[in-house]
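Rule-based calculations on the coordinates, nothing more; no lab input. All values derive from a computational prediction rather than experimental measurement. Using ideal geometry, Cβ is built from the backbone for each residue, glycine included, and neighbour counts are taken over all protein chains shown.
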Ligand code: C5J
């Protein structure tokens, strides 16, 4: 399949491509949750839910693999280094009580994926303690088992976990297409620049396109 993308056409093969949906978790996206409590405008992330739901439906209909990730930690925080734990507002840190349970702790309501994009049986969920989907996870092993060499990357946030994952993936030899309407940042400027950075210099980390062109290609 060939997708019209920046900086040029992105070519992928159905048999070796996975959709990656990064951290579409309640803690980041729900009004009244952790993300909003830090003063962020969650509508900037929530606008990705509808196009992402349509993309996931088309991807499922095509019978191709979907990998969801969730950022979070063990309840004893043994996998959260001080360099990460000590960031943010003092009363709103990872592990503190939030509106939807302990913030970014595995098993809590807020740590899980928003209702609209819940994984279905057979879809892989990678729980990651870091920003990137490869650090301290079995992501690479999962992709190798599936014979995946290309990733269509979506989720939040564009400049943090999406960028880190795309950089990690690119260093490991995966071709990455990032879908602009299916990734979100709390900050419009970071969204614009984050996407520009991926496609700059001849596609230094990957390619950028929109989901309707991928959905159309899946349905051909
Ligand atoms: C952040 C993420 N921003 N999923 N996480 O802490 O981008």
Do the sum for the chain: with -39,500 (n - 2.57) for every DSSP H run of n ≥ 4, divided by all residues, what is the mean residue ellipticity at 222 nm, to the nearest 500 deg cm²/dmol? -8500 deg cm²/dmol
Pull up the DSSP beta bridges for the range 2-218 and report the antiparallel fraction as a percent, rounded to 5. 20 percent
Rounded to a whole number, the Stokes-Einstein D of the range 55-156 in µm²/s (Kirkwood radius over Cα pairs; 20 °C; 1.002 mPa s) is 141 µm²/s
Measure nothing but the geometry: give the 0 to 90° angle between the long axis through the Cα atoms of 49-61 and the longest principal axis through the Cα atoms of the chain, rounded to 10°. 50 degrees
Sequence gap at least 6, Cα distance under 8 Å: using those rules, report the relative contact order of the chain to the nearest whole percent. 29 percent
Mind checking the angle between helix 188-203 and the chain's longest principal axis? C-alpha axes, 0 to 90 degrees, to the nearest 10. 40 degrees
Three-way shape label, the range 91-150, alpha-carbon gyration tensor, a/c 1.5: oblate
With labels modelled as points extended 7 Å from the Cα through the Cβ direction, what inter-label distance (nm, one decimal) is found for residue 83 paired with residue 11? 4.0 nm
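Quick one: grab the alpha carbon gyration tensor of the range 76-220, order the square roots of its eigenvalues as a ≥ b ≥ c, and give me rounded if a/c is under 1.5, else prolate or oblate depending on whether a/b is larger than b/c.
Cα axes put the range 76-220 in the prolate bin.
What whole-number volume per residue, in cubic angstrom, does the convex hull of the C-alpha atoms of the range 1-134 give?
Hull volume normalised by residue count: 138 Å³.
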Most packed first (mean Cβ within 10 Å per residue), the peptides 191-202, 157-168 order as 157-168, 191-202
Highest GNM mean-square fluctuation among 133, 83, 18, for the chain with Cα springs under 10 Å, belongs to 83
Just to confirm my numbers, what's the Cα centroid distance between the range 166-195 and the range 65-118 in Å? 21 Å
